[in-house]
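Okay, structure first, notes after.
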Amino acid sequence: MTPDLLRYSCQIALPGFSEATQHSLQNARVLIVGAGGLGCPAAQYLAAAGIGTLGIADADAISISNLHRQILFNPADAGKKKTTVACERLQKQNPGIRIVPHDVQVTSQNVMELISHYDVIVDCTDNFDTRYLLNDAGVLAGKPVVYGAIYQFEGQVAVWNTINENGTKSPNYRDLFPEVDASQIPDCAEGGVIPTLAGIIGCLQANEVIKYITNTGELLSGKILVFDAQTLQSRIIKIGDTTRTHVNRLKETIVAPTISAKELKNSLETDTIYLVDVRNEREREEFNIGGGHIPFEEFEGHIDDLIQKTKTVIYCASGKRSSDAVKAVKKKHPDANVFSLKGGLKQWLEDDLQ
């Protein structure tokens with residue numbers, strides 16, 4: 001065995017594996033979108049397994065509230081870009097592979113170019129807009145998407161858009177979830193998530209990538225694995241042979257411009273900014289940073305009023321409702337000067353502690 005393969009000797013010794021199998025991993029190009037709770041463990045194990053080119057795409061910065069589940073980072077990293085820190089750590093873990101940072105927000109304008117350099121897409125995102133975008137881009141480009149999602153104590157894993165033995169394509173995300181109203185579904189920042197679940201699901205995603213590249217085992221293609229961290233029960237649900245959702249183009253994504261807590265605090269000292277709180281009355285009474293109050297449920301009826309302001313910053317508890325509110329404004333008035341407070345009041349208070 002050559003010295004460069006020595007570190008992989010235990011996996012090469014597996015039944016069905018060989019040096020040729022390891023070379024398949026070394027020749028593979030895998031893109032992980034989202035360097036968060038799922039992306040961190042997935043990236044660590046794919047780097048350790050010897051994936052030749054590993055891309056990491058994420059535009060976010062590290063915050064203290066990330067650390068309980070995003071295990072590539074530590075408290076000293078707060079405020080730094082996730083891609084920068086993650087790629088540095090992964091390169092130290094395995095100097096023999098190529099790590100490529102993509103410090104970008106994935107949009108309908110850049111997604112096709114981004115995925116064109118990779119063989120497999122790993123969806124470790126935490127929002128439905130990007131999840132649908134990656135799915136549709138994968139379908140259009142003919143590339144598999146390894147999907148993972150977590151919420152509270154439940155996780156899901158599946159592999160979309162692979163080629164069946166008869167030449168047809170396996171189901172994709174839209175076949176299972178044609179459309180989702182994201183505003184009605186809380187995210188992990190609001191509903192919570194047990195940290196170990198991120199590690200379990202992220203590792204399962206890495207496992208599916210390895211299986212796909214090496215053509216070993218039975219892929220989670222045409223089915224979805226659902227895992228319950230409280231009972232340790234898992235079930236695999238087969239996705240029936242329904243009519244496939246036809247994806248012939250990318251839907252334009254409306255990106256909600258954001259402003260960080262630090263940027264907002266500095267801007268309030270010099271600029272005229274209209275603040276809007278979209279939380280409910282109880283949340284506002286507990287704590288707020290001023291400005292107007294339009295509960296999210298009533299927001300649609302006030303959109304036209306906001307475009308009269310020079311600059312508007314919308315805030316909520318975690319940044320989810322404010323982001324949805326900004327998208328609603330941008331959909332109706334694309335040139336409106338409106339921003340969502342990134343990370344919400346949670347990040348605002350966290351910034352005060354740093």
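Miscellaneous remarks
- Loop-resident chymotrypsin sites (Phe, Trp or Tyr not before Pro) (DSSP state other than H, G, I, E or B) in region 244-330 with no more than 16 further Cβ atoms inside 10 Å of their Cβ: Phe287.
- Selected from Ile259, Val146, Leu341, residue furthest toward positive end of dipole (the chain; charges at beta carbon): Val146
- Mean residue ellipticity, 222 nm, helices only, the chain: the sum of -39500 (n - 2.57) across DSSP H runs of n ≥ 4, divided by residue count and rounded to 500, is -10000 deg cm²/dmol.
- Modelled FRET efficiency - R0 25 Å, Glu297 with Asn127, Cβ distances, 0.05 increments: 0.80
- Length gained when the stretch His333-Glu252 is fully extended (0.36 nm per residue, less Cα-Cα span): 27.7 nm
- Accessible surface area normalised per residue over the chain is 48 Å², counting heavy atoms of protein chains with a 1.4 Å rolling probe.
- Shown are Thr270, Thr2, whose ranking by accessible area with a 1.4 Å probe and every protein chain present, most to least, is Thr270, Thr2.
- Long-range HN-HN contacts of Val122 with modeled amide H, under 5 Å: Leu31, Ile32, Val33, Val146
- When the chain is treated as a GNM with alpha-carbon contacts under 10 Å, the residue of Ile12, Ile194, Ile210 showing the greatest mean-square fluctuation is Ile12.
- Estimated vicinal HN-Hα couplings, Hz - region 66-73 in sequence order (Karplus 6.51, -1.76, 1.60; Gly, Pro = x): 6, 5, 5, 10, 9, 7, 7, 10
- Axial C-alpha extent at least 30 Å, average Kyte-Doolittle at least 1.6 - helices from the chain (DSSP): none
- Annotation: Phe17 carries an accessible surface of approximately 40 Å², with a 1.4 Å probe and no ligand, DNA or RNA atoms counted.
- Ranked from largest to smallest solvent-accessible area, with a 1.4 Å probe on the protein heavy atoms, Asp271, Asp126, Asp58 come out as Asp126, Asp271, Asp58.
- Sequence-separation-based contact order of region 8-84, relative, with Cα cut under 8 Å and 6+ spacing, percent: 29 percent
- DSSP beta bridges confined to region 1-151 are antiparallel in about 5 percent of cases.
- Stokes-Einstein D in µm²/s, Kirkwood radius over Cα pairs - the chain at 37 °C with 0.692 mPa s viscosity: 152 µm²/s
- Projecting the Cα atoms of Leu67, Pro101, Ile51 onto the charge dipole of the chain (Cβ charges, centred on the Cα centre) puts Ile51 farthest toward the positive pole.
- Across the chain, Cα pairs under 8 Å and at least six residues apart give a relative contact order of 14 percent.
- Couplings 3J(HN,Hα) of region 309-315, computed from phi: 7, 5, 8, 10, 10, 9, 9 Hz, in residue order, whole Hz [Karplus 6.51 cos²θ - 1.76 cosθ + 1.60, θ = phi - 60°; x for Gly and Pro].
- Beta bridges per DSSP with both ends in region 218-354, % antiparallel, nearest 5: 35 percent
- Considering only beta bridges that DSSP places wholly inside the chain, some 40 percent are antiparallel.
- Using only side-chain charges placed at the Cβ, +1 for Lys and Arg and -1 for Asp and Glu, the dipole size of the chain relative to its Cα centre rounds to 840 debye.
- Using a probe radius of 1.4 angstrom, the carbon and sulfur fraction of the accessible surface of the chain is 51%.
- Placing pseudo-labels 7 Å out from each Cα toward the beta carbon at Ile289 and His117 gives an inter-label distance of 3.4 nm.
- When the square roots of the Cα gyration tensor eigenvalues are ordered a ≥ b ≥ c, the ratio a/c for region 100-181 is 1.5 or more and a/b does not exceed b/c, which makes its shape oblate.
The values are calculated or read from the model by the stated rules, or taken from the named source; none is laboratory data. The model shown is predicted, which means the values in this text are computed figures rather than measured ones. Every residue, glycine among them, receives a Cβ derived from its backbone with ideal geometry; neighbour counts consider all protein chains shown. Protein only, heavy atoms only, side chains kept; ligands, DNA and RNA dropped before computing areas. Shrake-Rupley method; radii C 1.70, N 1.55, O 1.52, S 1.80 Å.
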